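Down below is the structure, laid out as structure tokens.
The values are calculated or read from the model by the stated rules, or taken from the named source; none is laboratory data. These numbers were taken from a predicted model, which means no experiment stands behind them. Please note: Cβ atoms are built from the backbone with ideal geometry, for glycine as well, and neighbour counts cover all protein chains shown.
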């Protein structure tokens, strides 16, 4: 199939743009949408995936909807006292499952739709993305956020050039705006709007680092358990994968 990459795909403008950017570089791209139980209108992600397929062809684009409800609930229970970081807890679980997906499919490049215009959100802070990049690197996966420095206008222009039109953005104070009924809607989305610029619930990068430090080792055990449930040893999975891909054996 040639060189492949994957993207954490919500179906919104940011992840759709990232999918298109990756398809300009890779032979094929896997669009991964996660069902964690608090997202409404998941079918919208599939509709957005079809937009990408219409431009680049079904032979180059694969869409997968993956259930992570069990892990997501465990993470929220574990971090119940840090409810202002609910989105960070959620995103870490998504990244952890994405690592499993990449290992299963011999994918060495994964991206998300984080952007600087939403950099006040814990899961999209530059320091957070660096920690996540290091996390992926432990499993020989290159993690990037290709649309990070795109402005709202640049996003819309790039997608319009490809013939992808999401329509008019709905503007929200303190946010870049989104599109109604074009992507799944998270029941916890209001937390980002409520807490991001709220002086009573400040999001300091150092607090996010502490949160990740508390949860990363636990998240890594989920990866071990994921393969164990399939009757596989993670170390052996990594060893065989590196041999198939011609990566240096650690």
- within 22 Å of residue 85 (Cα to Cα), part of a helix (DSSP H, G or I) and touching a helix residue (DSSP H, G or I) at 6+ places or on another chain (Cβ under 6 Å), is that true of residue 224? no
- Residue satisfying all of: in the stretch 52-88; assigned to a helix (DSSP H, G or I) and under 30 Å from residue 160 (Cα atoms); nearest to the chain's Cα centre (by Cα) among these: 87
- Message: Only one of 95, 110 is more than 26 Å from residue 57 (Cα to Cα) and in contact (Cβ under 8 Å) with a residue 12 or more places away in the chain. Can you tell me which?
- Response: 95
- For residue 154, are the conditions met, namely being more than 26 Å from residue 98 (Cβ to Cβ), modelled with pLDDT of 85 or more, part of a helix (DSSP H, G or I) and out of contact with any strand residue (DSSP E or B) (no Cβ under 6 Å at 6 or more places or on another chain)? no
- Among (1) surrounded by fewer than 20 Cβ atoms within 10 Å (Cβ to Cβ); (2) closer than 19 Å to residue 163 by Cβ; (3) modelled with pLDDT of 95 or more, where does residue 31 come up short? (1)
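Restricting attention to the stretch 92-122, and to residues there that are under 10 Å from the mean Cα position of the chain (by Cα) and part of a helix (DSSP H, G or I), which single residue is surrounded by the fewest Cβ atoms within 10 Å (Cβ to Cβ)?
If we take residues in the stretch 92-122 being under 10 Å from the mean Cα position of the chain (by Cα) and part of a helix (DSSP H, G or I), then 95 is surrounded by the fewest Cβ atoms within 10 Å (Cβ to Cβ).
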